[in-house]
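Working notes, beginning with the structure itself.
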Amino acid sequence: MAQHRGAGGIIVVGGGIGGLATALACARDGRRVRVLEQADEFCEIGAGLQLAPNATRPLRQWGLLDQVVNAGVLPKRLVFRDALTGRELTHLDVGAAFQHRYGAPYVVLHRSDLLDILVAACRQQGVELAIGGLGPGGPQPEPMGGPLLVGGAFQDDQGTALIGDDADSCRTVDGVMGAPPHAR
Ligand SMILES: Cc1cc2nc3c(=O)[nH]c(=O)nc-3n(C[C@H](O)[C@H](O)[C@H](O)COP(=O)(O)OP(=O)(O)OC[C@H]3O[C@@H](n4cnc5c(N)ncnc54)[C@H](O)[C@@H]3O)c2cc1C
């Protein structure tokens, strides 16, 4: 596990794929990180996820690409068809030449498999994972010696950071900026 640097920590609000990946990157940089997930467990609803090289490159850098490839498949070609007739409209080769050109593979896997891999990697890297975080009626998280969310307002007293990855709900952004994005 990396040595933590700096006095304060980073709070990531939202433990989806985005939040966990962000937390992992920060922790690998030596930061103390806490992820607050409103749900009672880390889980992904949905089916498959296509990961292009811009996603698989960081996964490789974090030492997770082998696990991801083992959990998924490496398609050779993506075919786009007319939904009514089935006629091929176009295709995209994503095999060896594609991988060579972009320096990383194109992988398709189940969302929950990627989430499980990220949760395990975060734990291994010392990320604190808190469930039942800031959701409606959920317990107020303890401050980590740095940023603190109080009733939706953000106070930063130690130069640390709060990262909102709560996706569509955007409560973190609302709390910090004082208004929903569409109202600004
Ligand atoms: C149909 C569809 C297909 C897609 N296919 C692909 C694809 O093939 N490849 C690809 O790269 N992308 C794809 N995407 C996009 C991708 O799914 C999203 O970009 C990604 O899942 C977003 O991750 P996230 O962690 O930011 O948000 P989310 O997965 O929405 O996670 C947000 C998390 O924050 C938590 N949360 C919310 N509010 C709070 C709060 N106040 N306090 C604490 N926690 C909170 C939620 O419970 C949730 O766990 C697709 C999207 C859709 C809709």
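Just so you know, all these numbers are worked out from the coordinates, no wet-lab data involved. Here the structure is a predicted model, which is why all the values come from computation and not from measurement. Cβ sites come from the backbone with ideal geometry, for glycine too, and all protein chains shown count toward neighbours.
How would you rank 119-125, 47-53, 30-36, highest first, on the average number of other Cβ atoms within 10 Å across their residues? Mind showing how you got there, number by number?
Values: 119-125: 17.1, 47-53: 15.0, 30-36: 22.6.
Ranking the peptides 119-125, 47-53, 30-36 by packing returns 30-36, 119-125, 47-53.
Describe numerically, in nm with one decimal, the distance between label points set 7 Å from Cα along Cα→Cβ at Thr90 and at Arg123.
Result for the modelled spin labels: 4.3 nm.
Rounded to the nearest angstrom and ordered from largest down, what semi-axes does the equivalent ellipsoid of the range 23-77 get from its C-alpha gyration tensor (root of 5λ)?
On the way: eigenvalues 114, 64, 15 Å².
Calculated on Cα positions only, the semi-axes equal 24, 18, 9 Å.
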